[in-house]
Amino acid sequence: MEIKETKLIGAYSVQPKLFRDNRGYFFEWFSAKKFEQETGIKFTPIQFNSSKSTKGVLRGLHYQENPTSQAKLVGVTQGTIQDVIVDLRVGSPTFGMHHSEILTEQSKNQLFVPKGFGHGFLVLSETAEIFYAIDDYYSPEHEGGVMYNDPSLGIQWEMEEKDIVLSDKDTKYELLTNRTFNFQYNG
């Protein structure tokens, strides 16, 4: 497993090692021990989620406020997505910056999203199934979001805006500058 820190402090790209032979392949999806050794982050998932969406669906940019903020490891079991994270930790040197990465079924690559980050993805293939390992339970009263096309974020989505499909909830989020966050950067 190869783990590389992104330009956002505490966020990591993860590339599992695939073992292939004439029967197919095997790979280790996640090892808490290896992850902690490489990053210094103790990540203990307690909930596993999956979603399936069609081409053009954009989900996000979602987060959960404290005390139920969530770190997550995101991967794709079918299809291709553009996965985007935004640092929302007050005082972070990378506050308001984003990281975008293409996650695919073929590469099995993953993205580790720390607590205090917004997360969203855009489906680029005909359909995509996304798998999330999460370290805290969902809490509707602590959920929030930032508008996916906030100009201050400068996210270059891999699809024209006219082709993007959003939920009603995702069309109502505010811009980053209109929000206050209770996430603190603990450098």
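Just so you know, all these numbers are worked out from the coordinates, no wet-lab data involved. Treat the numbers as computed from the prediction; the structure is a model and nothing was measured. Don't worry about glycine lacking a Cβ; one is built from the backbone with ideal geometry, like all the others, and counts go over all protein chains shown.
Miscellaneous remarks
- Estimated [θ] at 222 nm from DSSP helical runs (n ≥ 4, -39500 (n - 2.57)) normalised by residues in the chain, nearest 500: -1000 deg cm²/dmol
- Gaussian network model of the chain, springs between alpha carbon atoms under 10 Å - residue of S100, S152, S13 with greatest fluctuation: S152
- Applying the Karplus relation 6.51 cos²θ - 1.76 cosθ + 1.60 with θ = phi - 60° to region 149-161 yields 3J(HN,Hα) values of 10, 4, x, 5, 7, x, 6, 9, 5, 7, 8, 5, 4 Hz, where x marks Gly and Pro.
- Taking 0.36 nm per residue of separation and subtracting the Cα-Cα distance, full extension of the segment from F48 to D168 would add 40.7 nm.
- The relative contact order of region 88-165 comes to 36 percent, based on Cα pairs under 8 Å that sit 6 or more residues apart.
- Whole-percent pair-distance distribution, where bins are 5 Å wide, for the alpha carbons of region 44-178: 2, 11, 21, 25, 23, 14, 5, 1
- Sparse-neighbour loop sites [chymotrypsin sites (Phe, Trp or Tyr not before Pro); region 106-187; at most 11 other C-beta within 10 Å; DSSP]: Y137
- Loop sites here are trypsin sites (Lys or Arg not before Pro) outside DSSP states H, G, I, E and B with no more than 11 other Cβ atoms within 10 Å. The longest part of the chain free of them is 43-171.
- You can think of it this way: the chain between E160 and M1 has 53.8 nm of extra reach, that is 0.36 nm per residue less the Cα-Cα gap.
- Sites excluded, GluC sites (Glu not before Pro) in DSSP loops with at most 14 other C-beta within 10 Å, longest stretch of the chain: 29-125
- Mean separation of Cα pairs under 8 Å and 6 or more residues apart, divided by the residue count, gives the chain a relative contact order of 29 percent.
- Over 16 Å [Cα-Cα, region 29-69], rounded percent: 62
- Model label sites at E105 and H142, defined 7 Å from Cα along the beta-carbon direction, differ in position by 3.4 nm.
- Gyration tensor (Cα) of region 121-170, equivalent ellipsoid semi-axes in angstrom: 22, 17, 11
- Here the 3J(HN,Hα) profile of region 121-126, calculated from phi with Karplus coefficients 6.51, -1.76 and 1.60 at θ = phi - 60°, is 8, 10, 7, 9, 8, 4 Hz, Gly and Pro shown as x.
- Across region 85-94, computed HN-Hα scalar couplings (Karplus, 6.51 cos²θ - 1.76 cosθ + 1.60, θ = phi - 60°) run 10, 9, 6, 10, 7, 4, x, 6, x, 10 Hz from first to last residue, x flagging Gly and Pro.
- Pairwise FRET efficiency - Y185 versus S125, Cβ, R0 = 30 Å, nearest 0.05: 0.30
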